[in-house]
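Read the structure below first, then the notes.
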Amino acid sequence: MGGPIVGIGLLIGFSGFSQTGFTENKGQWPDAVFFRADMTVGQCYIDQTGLTLQLMESTFFSKLHDWIQDPGLDSTGFGHVVKMRFPGADLSGFVSKSKPLPYDNHYFLGNDSLRWGRNAKTYRHVGFKDVYPGIDLRYDLSGKALKYDFVVYPGIDPAIVRVEIDGATSLQLDSGDLLIETTVGNYPN
């Protein structure tokens, strides 16, 4: 098979992504999770079915910080989950990882050392080979925005790609960027 002839994708312009990247799962999260990216407004999980965005209202983390200083303050907040699925895709194949960051992450959660994640690497780019026959899926943290691309190889019909988004209040396309409205904010905001 030759090189890719077309790439199709969308930019999810979440300005809330931190400058880190995709941290691999070394047992610190449920087995279905491959990677997690931290956002200033929550987390993004890449798993066996696609992508999950766990979002919090923009004031939640500052309220939580204030509550740590003064437990008498209100620390409640609202969250919203958006799930992107790729029906018919197979994300169990080869995973590519590139542009590793120069540090490891360690997660010591609870008393069960089997659920601790040691030496978890963080990458700027991750991808999956042949999620559909002849089509690769790549995720990229570009600046503070999450981008995903389907890379389509010669002779392959890109129409087999499917994307389902559950949990959004509404969806819109604006100059090729996917705008996701939720109860805790619109992304990009």
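Electrostatic bookkeeping for S75 treats Lys and Arg as +1 and Asp and Glu as -1; over the other residues with beta carbon under 14 Å from its beta carbon, the sum is -3. Highest-first packing order for the peptide set 78-88, 45-55 is 45-55, 78-88, based on the mean count of other beta carbon atoms within 10 Å. Think of it as helices only: each DSSP H run of n ≥ 4 in the chain is worth -39500 (n - 2.57), and spread over all residues that comes to -1500 deg cm²/dmol at 222 nm.
Relative to the longest principal axis of the C-alpha atoms of the chain, give the angle of the C-alpha long axis of helix 60-69, reported between 0 and 90° and rounded to the nearest 10°. With rounding to tens, the tilt is 30 degrees.
Which one of L53, M39, W116 is farthest out on the positive end of the charge dipole of the chain, using unit charges on Cβ (Lys, Arg +1; Asp, Glu -1) and the Cα centre as origin? Most positive-ward Cα: W116. Put in line by how crowded their Cβ is, counting other Cβ atoms within 10 Å and starting with the fewest, H106, H125 read H106, H125. Note on the range 57-134: Lys pairs 8 or more places apart or on different chains, Cα atoms under 28 Å apart, count 10. Protection proxy ranking of 95-105, 32-42, by the mean of other Cβ atoms within 10 Å over each peptide's residues and highest first, is 32-42, 95-105.
Scoring 147-159, 171-183 by mean Cβ neighbours within 10 Å over their residues and listing the highest first yields 147-159, 171-183. Rg/Rh for the chain: what does it come to with C-alpha atoms and Rh from Kirkwood? Taking Rh as the inverse mean 1/r over Cα pairs, Rg/Rh reads 1.00.
A short reminder: the numbers here are calculations on the coordinates, not readings from a lab. These numbers come from a predicted model, not from an experiment. Heads up, the Cβs are rebuilt from the backbone with ideal geometry, glycines too, and the neighbour counts pull from every protein chain shown.
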